[in-house]
Amino acid sequence: MPGAHPAQVTDVFQAEGSTIAEEAIRRIAGLYGVEKEARGLASDQRVEIRLAKAKPIFDDLEAWLHAQLPKISGKSELAKAIRYGLTRMKKLRPYLAHGVLEADNNSAERSMKPVALGRKNYLFVGSEGGGKSAAIAYTLIESAKLNGIDPQAWLTDILSRIADHKITRLDELLPWRYAQT
């Protein structure tokens with residue numbers, strides 16, 4: 001999300017009770033509030049809401065963050081968090097005008113969490129072939145999720161049908177094709 005890195009700002013606020021950190025959190029929360037309102041809407045509707053409501057907050061946040069830096073020690077954790085956010089705002093700004101873009105990468109991080117949690121277990125897949133098989137399985141499962149398909153139901157159905165399915169038409173059973181049938 002835009003502005004100072006939210007986790008860093010939250011840490012500074014919790015450790016120091018900084019009013020600047022508290023205000024940054026409040027402003028960033030305002031942007032998340034707009035995203036909550038726009039969630040699930042068509043791309044053009046998201047853009048309309050973002051430009052009307054989030055852009056003024058975003059612009060104000062950016063100006064406010066620039067104004068706060070001279071007021072605090074340049075070596076403080078809060079200054080580091082603010083500089084971190086300011087260097088990323090230019091790259092983040094396009095999300096305001098593109099409804100298919102997200103304001104943060106939380107959904108990607110959530111989808112990677114099981115992989116990160118299990119990475120030590122993956123050291124014991126047994127062999128290089130086992131690792132490749134695990135990678136294929138994870139790819140298929142995540143592809144099913146991305147296509148709005150319950151992975152367990154899809155795998156149960158596919159595994160019951162695959163033996164009788166023509167090998168030259170296996171692509172019909174892939175999640176993105178399966179969703180169309």
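For a paramagnetic label modelled at 7 Å from the Cα of I162 toward its Cβ, which residues of region 111-145 fall within the zone defined by backbone nitrogen distances under 13 Å? The answer is 133-141. A compact globular protein would have a Cα radius of gyration near 2.2 N^0.38 Å; the ratio found for the chain is 1.42. In the chain, taking the dipole from charged Cβ atoms about the Cα centre, the farthest positive-side position among I72, G17, L61 is held by I72.
Summary value for the chain: 21 percent relative contact order, contacts being C-alpha pairs under 8 angstrom separated by 6+ residues.
Summing Cβ point charges (Lys, Arg +1; Asp, Glu -1) relative to the Cα centre of region 74-180 gives a dipole of roughly 720 debye. Against the chain, whose longest principal axis is taken from its Cα atoms, helix 128-146 shows a tilt of about 70°. Shape call for region 47-112 from the C-alpha gyration tensor, a ≥ b ≥ c root eigenvalues: rounded (a/c under 1.5), prolate (a/b greater than b/c) or oblate? In terms of gyration-tensor shape, oblate. The alpha carbon centroids of region 132-158 and region 32-63 are separated by 33 Å.
Within the shell of other residues whose beta carbon sits under 12 angstrom from the beta carbon of R177, the net charge comes to -1, with Lys and Arg scored +1 and Asp and Glu -1. Close Lys pairs in the chain (alpha-carbon distance under 17 Å; sequence gap of 8 or more, or different chains): 7. Taking Cα atoms only, the orientation of helix 151-161 departs from the longest principal axis of the chain by about 20 degrees.
Rounded to the nearest 20 debye, the dipole size of the chain about its Cα centre is 360 debye, using +1 on the Cβ of Lys and Arg and -1 on the Cβ of Asp and Glu.
Read-outs throughout are calculated quantities, based only on the coordinates presented, and are distinct from any laboratory measurement. On a predicted model such as this, the values are computed, not experimentally measured, just so you know. Every residue, glycine as well, gets a Cβ built from its backbone with ideal geometry; the counts of neighbours run over all protein chains shown.
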